[in-house]
Amino acid sequence: MVVDCRVAPRTTAQFDLRSARPHDLVMVRVSGALYGTAPQLFGPNGKRVACVSPLDPSDRGRIRCATDGAGPYTLRLENTSSETLSIALSYLPVLSTDTCVGVGAADLSPASPALFRGSVPAGLAGTCYRTGFASGDLMRLTGSGLDASVFDATGAQVCRSGNTYADCRLTGAAPYRVVVEAGWGDERGGYQLTLSRLSRPDDCPVVEPQAFGTAPDLTDTTRCRILRVPADGRYLFRGTGEIGDKRGFLYRADALRRGEATALCPTRDCDLTAGDYVYTLDPSTYSVPYAMVLHSVTETRGCTVGRDDQMASGAPVENFGAAGRDRCRTLPTASGEALYVLNGTATGGTARYRVLDAAGAEQCRGFTVNDTYQVCRLTGAAPFRLVADARGAFDHRLLVQRVGETAGCTPWAASAYGTGSGVRTGLSGRPADGALENCFAVPADHPAVELVGYRLAGPQYGSVLHLVDPSGTEFCTIVSGRTGTCRPPAGRPYTAVLTNGLGRVDFTVVRRDATPAAACDLPAASGRIGSPSAGFTFDSSVDAHCTTFDAAAADLLQVSTHAGTDQAIARVTVVDAEGRRSCSTWEADCRVTGSTRYLAAVASDDPLGRVPFPGGLDVWRLATAAGWAPECAAHPVSADGFAPLSGTLSDDSPLYCAVLEMQPGRRLDVAAAVDDDLFGARLTVAGRENWADDDTAYTCARDLAFSAISTVCTYRGTGTGHAVLLFSPGRAHLPLAFTLQGARPGTGTARSGVPEALTPSSGTGGSYVEATVRGTGLSLNSQLKLRSRDVWCGDLEMRPLRVNADGTELQVRIDVLRRCAGSFDLVVEGVTYRKGVPVPGYLPDAFTVVAPAG
């Protein structure tokens, strides 16, 4: 019974309790805003009883006390606050109370334990259950929204559970009492509780190994099953509902009877010795209908005859019919072969599958929604079986094709380089109804290196082109409609499979000779700096162009491509005389050395496939064994900064080249002012010491703070670096007028100079404003910003355009397209200032943005 009362400020309340047994366990709960000490219990002799707080130490109102004498007891509660304390309280003598709910033997069945519902409202010490467990029993206590403890006949706690479940081997002496001390299933402290004797699983239904295709009973709600394993071996098992698996635990039945609860085989795929095992669902107080699936890995009952030529014979969409109705196909494929296994329907459905050999050894598996394609090598003993788990009445489609089998694969001939129908068209088509794949067969007379690409008539995401040799080795993978360089097996045919998880879409696949012996559509490159670019046009997203060129092994060359558009990008790759790819990936620039003949191929790299667009391909011999090319050596510059250098890039002369020396750790900042709105021109530095290495000692990147104009190049070598500075069009429009200037070392005004005035000093929002900064020491590398005092407005970008010879006038373009109106200060990056107070490098109120009319 819960008592409600009020305790006056700064007083101590006393409550009388009685204990009928010499030894008892008294649980007390006081609910209220207790700020002082916890309640204290005093015995018949007036001495304080030792008590503990078994739960959260911050819950001062809950104590547990072992008494050592019958008679009256006093509970004292001190209110130390200055306000009246409202409380609710009760006590429970666990060993002597006659209020415990009786739990009989039938209630403890592990198959169908009785469900108890109750509540522990504020102030209630707990709800007690007197059970029929015996000493040594293995008890499972399952709860929903509760805290519960188990006590033996002496009041010793032998087990405790918080909210979910606990498996306990009962020690001490019977009888055992379970006390629910807290419930939080609803506002009144509701809870649910089941108690089961796991050590007596005899009423659990028996399950024996099943044939494939057997439809199990999905309505049975008993919470355990006995899995009867007839012989030693490997077994697959799982609980399944109408949709999806029902997780649980597996135990040896004899171990449970001994009170041991060691779970086995969390993977549900294990070697088991003959005997009985007990499977229990994840502990829950709710009724869950499910079936048990049990198969030996050598099971053949119910297997159907499968095929390994389904690119030709077809792979229909099938339905499992029901959860647990697993399927098995016996495959005709010999050991040592490999299989394509494609998994998926047009609506995104996938199956969970394994390929097993005659002894049950797993050859491969597909267990996730991403396992839609794999090549499965068969290393075990034939015959092999494809086993699929039925996780519901779902549609599925599993296609099996022996690698090397060309039935159903379209012959794939090579294409030429260039544009125009019949030359670069490639092989086009679309998957058959219900299919997500296409197979292609390539004869053995293919070149040693190939340029391979494809495009879809729709989104490229989720598509992959796999190239596989007869042994099952995937030697090349092309993703998302791109182009790659592939090395097929010499003198052997191969097959390719195009998969597209997004559905039935038209495709085009293209392969071309990528060796230096290929017939290229562009003229052979001379390598001379200053020679015109080899122009090309992409009329189709699968177009490709190439050129070949000869060189001495010591020559240092760079191959570059440019495309005068802001929508599409062209990339280049280079293959040398030995068939090696000189650059690890497709790049805008590729540096090569060490061979005597090369092929350079260029392809579109636009995910949207936008065509047509023009471009140019360049090959520059930047150095020979005798030294740098004369066109570069004629322009020496200093890493300590250099004066403005101007010129024009064009299709007839698309490169500016200069030479310099850099010391280890040195940084060179170069500003490039151009007359093009696209920020696509490329500035790089390359050194003789590691010309073709991917991990170059020279790195160049746009200055994040001034990315429109400034590039930062750093040398991380160990000795003096002998390098060339290269400026090329990239994606900028040609002709391209430019001015380059190397920054002076330092920061603040030492680097950027001292601005003194800006004219005009205002501009209308929604446009660009060209203005002149006047001062001293100005350069294209001057790092200037117009900064608003309103943090929400942001900075105005100032793009340097040109500078006069003595550095007193710097022409800039100010971007006021989408900026708020107001006053802006002119600030040199790195200068310390106080707002509104002019100092060198800081001009307050230098520019005003005027709101547009209307």
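The values are calculated or read from the model by the stated rules, or taken from the named source; none is laboratory data. Just so we're clear, the structure is a prediction, and the values are computed from it rather than from any experiment. A quick note on method: Cβ atoms are made from the backbone with ideal geometry, for glycine too, and the neighbour counts reach across all protein chains shown. In case anyone asks, the SASA skips ligands and DNA or RNA and just uses the protein heavy atoms, side chains included. Shrake-Rupley method; radii C 1.70, N 1.55, O 1.52, S 1.80 Å.
A few remarks follow.
- Scanning region 131-172 for residues that are in contact with a Phe, Trp or Tyr (Cβ under 8 Å, 6 or more places away or on another chain), farther than 22 Å from W184 by Cβ and charged (D, E, K, R) turns up just one, D152.
- Candidate set: region 406-434, residues that are surrounded by 21 or more Cβ atoms within 10 Å (Cβ to Cβ) and modelled with pLDDT of 85 or more; chosen: the one farthest from N370 (Cα to Cα): Y417
- Conditions (1) touching a residue at least 60 places away in the same chain (Cβ under 8 Å); (2) buried (at least 17 other Cβ atoms within 10 Å of the Cβ); (3) under 36 Å from the mean Cα position of the chain (by Cα); (4) under 30 Å from G145 (Cβ atoms); number of the one not met by V278: (3)
- Listed by position, the strands (runs of 3 or more DSSP E) inside region 115-176 whose residues that are within 24 Å of P201 (Cβ to Cβ) number at least 3 are 138-144, 157-162, 165-169.
- Consider region 828-854 and keep the residues that are free of Cβ contacts under 8 Å to residues at least 60 places away in the same chain, open to solvent by 60 Å² or more (accessible area, probe 1.4 Å) and not in a loop (DSSP other than H, G, I, E, B). The one that is nearest to E770 (Cα to Cα) is D845.
- Filter pass, G233 being modelled with pLDDT of 95 or more, open to solvent by less than 60 Å² (accessible area, probe 1.4 Å) and within 30 Å of the chain's Cα centre (by Cα): no
Here's the yes/no breakdown for (1) within 18 Å of E797 (Cα to Cα); (2) at pLDDT 85 or above; (3) not β-branched (V, I, T):
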position: D676; (1), (2), (3): yes, no, yes
position: R682; (1), (2), (3): no, yes, yes
position: N690; (1), (2), (3): no, no, yes
position: D695; (1), (2), (3): no, no, yes
position: A708; (1), (2), (3): yes, no, yes
position: G717; (1), (2), (3): no, yes, yes
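- Note on region 557-568: residues that are modelled with pLDDT of 90 or more and open to solvent by 10 Å² or more (accessible area, probe 1.4 Å) amount to 0.
- Test: P332 is modelled with pLDDT under 95 and open to solvent by 10 Å² or more (accessible area, probe 1.4 Å): no
- Where strands (runs of 3 or more DSSP E) sit wholly within region 286-354, those with at least 2 residues that are over 21 Å from V497 (Cα atoms), hydrophobic (A, V, I, L, M, F, W, C) and more than 30 Å from the chain's Cα centre (by Cα) occupy 291-296.
- The listed residue being in contact with a Leu (Cβ under 8 Å, 6 or more places away or on another chain), over 30 Å from V510 (Cα atoms) and not aliphatic (A, V, I, L, M), out of Y373, Y353, Y340: Y353
- Extreme residue, most open to solvent (accessible area, probe 1.4 Å), among residues of region 771-805 that are part of a strand (DSSP E or B) and charged (D, E, K, R): R802
- Any hit, region 372-393, residues being under 31 Å from the mean Cα position of the chain (by Cα), open to solvent by 30 Å² or more (accessible area, probe 1.4 Å) and acidic (D, E): no
- Inter-residue pairs, beta-carbon under 8 Å, first among the polar types (S, T, N, Q) and in region 805-824, second assigned to a loop (DSSP other than H, G, I, E, B) and surrounded by fewer than 15 Cβ atoms within 10 Å (Cβ to Cβ), 6+ apart: S823/R789
- Among residues of region 748-762 that are over 11 Å from R774 (Cα atoms) and buried (at least 16 other Cβ atoms within 10 Å of the Cβ), those with a beta-carbon under 8 Å from a residue that is of a type in the set (K, R) and modelled with pLDDT under 95 at least six positions away or on a different chain give the pairs R751/R744.
- Looking only at residues in region 210-230 that are more than 18 Å from D245 (Cα to Cα) and either open to solvent by 60 Å² or more (accessible area, probe 1.4 Å) or not hydrophobic (A, V, I, L, M, F, W, C) (or both), the one that is nearest to the chain's Cα centre (by Cα) is R228.
- Residue in region 251-262 that is open to solvent by less than 60 Å² (accessible area, probe 1.4 Å) and touching a helix residue (DSSP H, G or I) at 6+ places or on another chain (Cβ under 7 Å) present: no
- Filtered residues of region 498-526 (kept if open to solvent by less than 30 Å² (accessible area, probe 1.4 Å) and basic (K, R)): R511, R512
- Restricting V442, V479, V468, V449 to those that are open to solvent by less than 30 Å² (accessible area, probe 1.4 Å) and within 24 Å of I569 (Cα to Cα) reduces the list to V449.
- Of the strands (runs of 3 or more DSSP E) entirely within region 372-455, those holding at least 2 residues that are under 27 Å from P332 (Cα atoms) and either in contact with a Gly (Cβ under 6 Å, 6 or more places away or on another chain) or not hydrophobic (A, V, I, L, M, F, W, C) (or both) occupy 373-377, 384-389, 398-402, 437-442.
- Scanning region 281-319 for residues being open to solvent by 20 Å² or more (accessible area, probe 1.4 Å) and hydrophobic (A, V, I, L, M, F, W, C) gives a total of 6.
- Cross-chain or 6+ apart pairs with Cβ under 6 Å, region 513-529 first and farther than 14 Å from T596 by Cβ and at pLDDT 95 or above, then crowded, with 18+ Cβ neighbours inside 10 Å and acidic (D, E): A514/E450
- Single residue of region 806-827 satisfying the filter (in a loop (DSSP other than H, G, I, E, B) and open to solvent by 30 Å² or more (accessible area, probe 1.4 Å)) that is modelled with the highest pLDDT: T808
- A351 surrounded by 20 or more Cβ atoms within 10 Å (Cβ to Cβ) and not charged (D, E, K, R): yes
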